[in-house]
Amino acid sequence: MTSPPTNVSCAEAAPALDLLTVPQVMARLQLGRSAVYDLLRSRQLDSITLGRARRIPAHALTDFIRIRLEQEA
């Protein structure tokens, strides 16, 4: 009788983190580049910097939209 393998790759251990580019966020929110960068600068929308590239986690965009909807209600 053998036990299941205990080696688990990083991809299996943690769910994939979707990172969006600024143009992708612009398209999803239907906003211009300056408006998206204003949201990032004011920390209303979370992001990370990889070298010179700015990336927005998909969950951060979802959270931003949820919070805005709650504020409007």
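The values are calculated or read from the model by the stated rules, or taken from the named source; none is laboratory data. Please read these numbers as outputs of a predicted model, since none were measured by experiment. Cβ atoms come from the backbone with ideal geometry, glycine included; neighbour counts cover every protein chain shown.
Within the stretch 13-52, count every residue that is basic (K, R) and in contact with a strand residue (DSSP E or B) (Cβ under 9 Å, 6 or more places away or on another chain).
The number of residues fulfilling the criteria is 1.
I'd like to check something: does the stretch 45-59 contain any residue that is touching a His at 6+ places or on another chain (Cβ under 9 Å) and either modelled with pLDDT under 95 or not acidic (D, E) (or both)?
For the stretch 45-59, residues touching a His at 6+ places or on another chain (Cβ under 9 Å) and either modelled with pLDDT under 95 or not acidic (D, E) (or both): absent.
Taking S9, is it small (G, A, S), at pLDDT below 95 and loosely packed, with under 12 Cβ neighbours inside 10 Å?
It is true that S9 is small (G, A, S), at pLDDT below 95 and loosely packed, with under 12 Cβ neighbours inside 10 Å.
Provide a single number: the residues in the stretch 36-73 that are small (G, A, S) and exposed (fewer than 12 other Cβ atoms within 10 Å of the Cβ).
Final tally of qualifying residues: 4.
Only one of (1) in a strand (DSSP E or B); (2) in contact with a Gly (Cβ under 8 Å, 6 or more places away or on another chain) is not met by R54, so which one is it?
Only one criterion in (1) in a strand (DSSP E or B); (2) in contact with a Gly (Cβ under 8 Å, 6 or more places away or on another chain) is unmet by R54, namely (2).
Can you name the residue in the stretch 34-61 that is free of Cβ contacts under 8 Å to residues at least 40 places away in the same chain and among the small types (G, A, S) and, of all such residues, is farthest from T21 (Cα to Cα)?
S42
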